[in-house]
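The values are calculated or read from the model by the stated rules, or taken from the named source; none is laboratory data. Keep in mind that what you see is a predicted model, and the values were worked out from it rather than measured. FYI the Cβ positions are ideal-geometry reconstructions off the backbone, even for glycines, and counts take in every protein chain you see. Quick note on the areas: whole protein, heavy atoms, side chains included, nothing else; ligands and nucleic acids left out. Shrake-Rupley method; radii C 1.70, N 1.55, O 1.52, S 1.80 Å.
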Amino acid sequence: MIQLKKSYKYYNTGSRKAYVLSDISLDIAAGEFVSIMGPSGSGKSTLLHILGLLEEPNDGEYLFLGENVSHLTEKKRTELRRNQIGFVFQAYHLIDELTVYENIETPLLYKGLNSSERKSRVAELLDKFNIVGRKDLFPSQLSGGQQQLVGIARAIAGNPKVIFADEPTGNLHSEQATEIMELFKKLNEQEKVTIVQVTHSEHNATYGNRIIRLKDGLVVQ
Amino acid sequence: MKNYFKTAWRNLLKNKAFSIINLLGLSTGISVCFIIMLFVQDELSYDGFNTKADQIVRVLFKASINSGKINEASVMPPTAAAIKNDYPEVTAVTRLRNTGGSKILYNGKKYNKELFAFVDPNFFQVFTVPFLKGDAASALLEPNTIVITQMLAHKYFGDEEPIGKTIQFSNGNTLYKVTGVIEAIPSNAHFHFNMFGSMTGDSEAASDSWMTSNFFTYLVLQDGYDYKNLEAKLPAMVEKYMGPQIARSMGMSLTQFRTKGNSLGFALQPLKDIHLHADSTAELEPGSDIKYVYIFSAIAIFMLLIACINFINLSTAGASKRAKEVGVRKVMGSGQFELIKQFLAESFLLSFIALLFSYVMIQLALPVFNDLSGKNLHIGYSFQPMLQLLILGITVGLLAGIYPAFFLSSFNPIATLKGRLSASTKSLGLRSGLVVFQFFISISLIVGTIIVYQQMNYIQSKKLGYSKEQLLVLPNSWALGKNETVFKENLLKDSRVVNVTISAYKPAGPSNNNNSLVYPEGKENQIMKIVRYDVDEQYIPTLGITMAAGRNFSTDFSTDSSAVIINEAAAKAFELKGDGVGEKIVWMKDNDANKATYTVIGVVKDFHFRSLHETITPLLMTLNPQWGLMVKVKTADIAGLLVSMKQQWINYNTDEPFEYAFMDELYNKTYVAEQKSGRILSIFAVLTVFVACLGLFGLATYTAEQRTKEIGIRKVLGATVTQVSNMLSREFLKLVLIACIIAFPVAWWAMHTWLQSFAYRISISWWVFVLAAFAAIVLTLFTVSYQAIKAALMNPMKSLKSE
């Protein structure tokens, strides 16, 4: 499903190139739950962004769902993000001006669903995540765990094939973290959603079925 | 769609301060722009109601005789017929003659005089005025027929049938039969007569004299025919018809006349241009000036731009607040286009709310503006102005929103989510440029306003060569007839009265106006058309005019009936010997070569008998007292004096009411257009500066917010409150100073050009610019310092902790 071949990412700092990722090749099959680990600055987030089509590698090839996406137009990439990819962030990144309901609805708007389709999908998710009672609250009125729950609901609203999660529990205390990780596991197992997460926690990494370790921009394991 | 507006609404609520600044700015901008749009539309709509408006032209007589310029809208009686006869491209001609009018008599009752004109029978086939009764084509075919407005018909005849009724004027015996009733002439017409009498049978109208003129002449051209082509052919007509008469009366051929550097001929003026180019002498009504249409249009556009700039600046300055949202939305699959739509929704929502405020503002401001401009503009509930207002709102939404929408939607999602975006610096250059532009306009307007006021002040205090203070004018004392002199003698007995003169010629305000063809004896080729005043012996002392040489008219000299007093300009133009006293000049009274020789007995110092727009031209005074009183008084009790004057007036049993005017007020009225424009300009200047300052205040708020951390660090390092607030204010001051530097030459040039329309004007002094700059700087400091000081006073630890 995801194939990254000999990819590099660097930034030009003065005359020298500072490599963030070098010679990365990896394969992730549909239905996997992969954890990317590594110390700070090892390029985990950049890798995740490249996989999520938010950044482009400077060199190398990237096949997403069998399609070479290395040099796609911004429009095509947006299209893929819209239909195939869901994102979960450490800082949740909910839109402060929108209610829980509207936050979950937003990706559906971009997908072009009509209002009744949106309504039933959002209702379904609210129900599933047990947050029906909070649907009219704004993010600032929620706890961190609750916000992340909404973040995940929003990520899977458009029925993506894959979810990229960037330290999804990094801002949460352990009890909430467990809840979130259990949720990911459930999604992976029951709904066959591919999940790629970046994490610092060995414990959280164990929820997945494979760990990719990075160090100084290289895959070490 | 609904979603876009919902988020837009929440964003407006979230940033209340900025929404209010933007709303205030935009609604002020929209209101000013819309009011000016109404004003300009009204100005441009003059005479457009005529169905043949695009085909009608007016004939002007233009001549330059011994460098005296003549530009008259009323021409000779046979002009119309000659043009119709010689040029088939002219499908119709019609003439109008303005008459003073007098009281109207009907059924034993007297009514006030009305604006009255004689017209050719086909007048209403050329000008489109709806007939309520009678027939436009045939109403004025018979002699002594008259068409009146519905209002007058109702006033004289009540509910009775007006057609066939006869009315009379108090100054004549002719009975006029009402043959038509029309609607009132629309306000946007260049004349507003209420009565149109038939010219049929009038001997003067049938005259073939090319030496008198009194007839406003209009031509209807073939549809699509360019009037310039006809204009080019008119010299031939001058040759053919006027040539022989000139040769007879001046004793020289037209060619000779022309070789002496003189010129004479006709020009054509499109009907729709008359109102905005009303620069001929003796216009039917004072017109307007296209210059002010341009100036006000420019102000309207600038005002709108300045309001839009506020929105642009505040949106881009506050971009960092929105950056995260942009990033999240992009990650969730939003393309740039969806985001552009979303941000445009915000600017549109804002501009539509501003539109609602504007509607209220316009309703409140229109009466004030009407008062200032002398117009009668209104929006009511009709469709067209509403549509225009809507279009204005859409324009503003787009103008203000398009750049921020592109700018905000272009953010890189990764950068924004990591908080790496320095969005505010990215657009800093543009913002600074826009602030400079706003202040460039504001400062230019301040300079402009000051200079207009200075010139108006100059006009007020200018030494005119006569004294306009405490000078009472009784315009209709002609009604006293023989009692005019009696009244005068009685007035002189009153201790409050200094002097009285009988003359209908006033140096300011509505006055009798006469031109005479005159040349110095023996020098016929120096013939010129000069202004003639009929005065009495007391005219010069009453008006306080100074003699330069010779003496005033006097009852001691019986020969004074063939004496003239001229002004210095005339003495110079005639190239008279010495001071000119004792020289003889010849006055050609009419086309029959009826000449009379007069001796110059005195020369008066030049006085301003025309507006200060024009230089003082040659003037000649003859002793011929009649038709008007001017009274020089010296009293604090003017009201009491007026009461006793009125008492006497009533005793003379005239039909006319006792009317009076003060010369200084008449003088001021001459410049009413400039005064109005000056006042409107100053209001717009204040509003522009206000909106620009609003924007500055918003920007200062953002700057203070964004630099909170920096300010915190500086304070920890030991910066004082003054140092910090100076640092924040300095940047804005710099922009205002740059604006000053750009504004000064532009404003100087613009005002210099404006002043050129005055023959007598102030010179622009440097301190005006210093004052404008000073005002702008003080305003800037005042606006910015609130935020700067607030930021500087903040507890530094607070701002650092939150990072």
Exercise. Right, residue B:465: over 30 Å from residue B:409 (Cβ atoms), touching a helix residue (DSSP H, G or I) at 6+ places or on another chain (Cβ under 7 Å) and buried (at least 16 other Cβ atoms within 10 Å of the Cβ) or not?
Worked result: no
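Among the residues of segment A:103-125 satisfying the criterion of being farther than 10 Å from residue A:154 by Cβ and in contact with a Lys or Arg (Cβ under 8 Å, 6 or more places away or on another chain), which is farthest from the other protein chains (Cβ to nearest Cβ)?
Across segment A:103-125, the extreme among qualifying residues is A:113.
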Problem set entry | Residue in segment B:19-40 that is within 14 Å of another protein chain (Cβ to nearest Cβ), farther than 22 Å from residue B:273 by Cα, touching a helix residue (DSSP H, G or I) at 6+ places or on another chain (Cβ under 8 Å) and aromatic (Phe, Trp, Tyr) present | no
Exercise. Can you tell me which residues in segment A:1-58 are farther than 14 Å from residue A:219 by Cβ and within 13 Å of another protein chain (Cβ to nearest Cβ)?
Worked result: A:11, A:45, A:49, A:52, A:53, A:54, A:55, A:56
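From the list A:201, A:120, A:174, exactly one residue is more than 13 Å from the chain's Cα centre (by Cα) and either crowded, with 21+ Cβ neighbours inside 10 Å or modelled with pLDDT of 90 or more (or both). Which is it?
Exactly one residue qualifies, and that residue is A:120.
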Problem set entry | Boolean, residue B:7 is within 14 Å of chain A (Cβ to nearest Cβ), among the polar types (S, T, N, Q) and not in a loop (DSSP other than H, G, I, E, B) | yes
Problem set entry | Filtered residues of segment B:100-112 (kept if within 29 Å of the chain's Cα centre (by Cα) and either touching a residue at least 24 places away in the same chain (Cβ under 8 Å) or open to solvent by less than 20 Å² (accessible area, probe 1.4 Å) (or both)) | B:101
Seminar exercise, completed: Expected single match for of a type in the set (Asp, Glu), under 36 Å from the mean Cα position of the chain (by Cα) and modelled with pLDDT of 85 or more among B:614, B:568 is B:568
Problem set entry | Selected residue (criterion: modelled with the lowest pLDDT) from residues of segment B:258-267 that are among the hydrophobic types (A, V, I, L, M, F, W, C) and surrounded by fewer than 20 Cβ atoms within 10 Å (Cβ to Cβ) | B:264
Problem set entry | Any chance residue B:280 is more than 14 Å from chain A (Cβ to nearest Cβ), under 30 Å from residue B:74 (Cα atoms) and either under 15 Å from the mean Cα position of the chain (by Cα) or open to solvent by less than 20 Å² (accessible area, probe 1.4 Å) (or both) | yes
Exercise. Just for segment B:548-595: of the residues that are touching a helix residue (DSSP H, G or I) at 6+ places or on another chain (Cβ under 7 Å) and outside any loop (DSSP other than H, G, I, E, B), which one is surrounded by the most Cβ atoms within 10 Å (Cβ to Cβ)?
Worked result: B:588
Exercise. Is there a residue in segment A:132-146 that is within 10 Å of chain B (Cβ to nearest Cβ) and either more than 15 Å from the chain's Cα centre (by Cα) or in a strand (DSSP E or B) (or both)?
Worked result: yes
Seminar exercise, completed: Residue count, segment A:150-171, condition in a loop (DSSP other than H, G, I, E, B), crowded, with 20+ Cβ neighbours inside 10 Å and either β-branched (Val, Ile, Thr) or away from chain B (no Cβ under 12 Å) (or both), comes to 3
Problem set entry | Qualifying positions in segment B:303-338 - assigned to a helix (DSSP H, G or I), farther than 15 Å from residue B:405 by Cβ and at the interface with chain A (Cβ under 8 Å from one of its Cβ atoms) | B:324, B:327, B:328, B:331
Exercise. Among the candidates B:40, B:59, which residue alone is touching a residue at least 24 places away in the same chain (Cβ under 8 Å), outside any helix (DSSP H, G or I) and β-branched (Val, Ile, Thr)?
Worked result: B:59
Problem set entry | Enumerated helices (runs of 4 or more DSSP H) restricted to segment B:390-491, each holding at least 2 residues that are more than 14 Å from chain A (Cβ to nearest Cβ) | B:423-426, B:428-461
For this session: With respect to residue B:219, determine if the residue is outside any helix (DSSP H, G or I), in contact (Cβ under 8 Å) with a residue 40 or more places away in the chain and open to solvent by less than 30 Å² (accessible area, probe 1.4 Å).
Result: yes
Exercise. Just checking, which of B:616, B:650, B:601 is closer than 30 Å to residue B:526 by Cβ, in contact with a Phe, Trp or Tyr (Cβ under 8 Å, 6 or more places away or on another chain), of a type in the set (Val, Ile, Thr) and open to solvent by 30 Å² or more (accessible area, probe 1.4 Å)?
Worked result: B:616
Exercise. Do you know which residues across segment B:157-181 are under 35 Å from the mean Cα position of the chain (by Cα) and over 21 Å from residue B:205 (Cβ atoms)?
Worked result: B:181
Exercise. Restricting attention to segment B:518-536, which residues are surrounded by 17 or more Cβ atoms within 10 Å (Cβ to Cβ) and basic (Lys, Arg)?
Worked result: B:529, B:532
For this session: Could you look through segment A:60-80, keep only residues that are surrounded by 14 or more Cβ atoms within 10 Å (Cβ to Cβ), touching a strand residue (DSSP E or B) at 6+ places or on another chain (Cβ under 8 Å) and not aliphatic (A, V, I, L, M), and pick out the one that is farthest from the other protein chains (Cβ to nearest Cβ)?
Result: A:61
For this session: Restricting attention to segment B:726-763, report how many residues are touching a residue at least 60 places away in the same chain (Cβ under 8 Å) and within 22 Å of the chain's Cα centre (by Cα).
Result: 12
Exercise. Can you name every residue in segment B:223-250 that is assigned to a loop (DSSP other than H, G, I, E, B) and surrounded by 13 or more Cβ atoms within 10 Å (Cβ to Cβ)?
Worked result: B:225
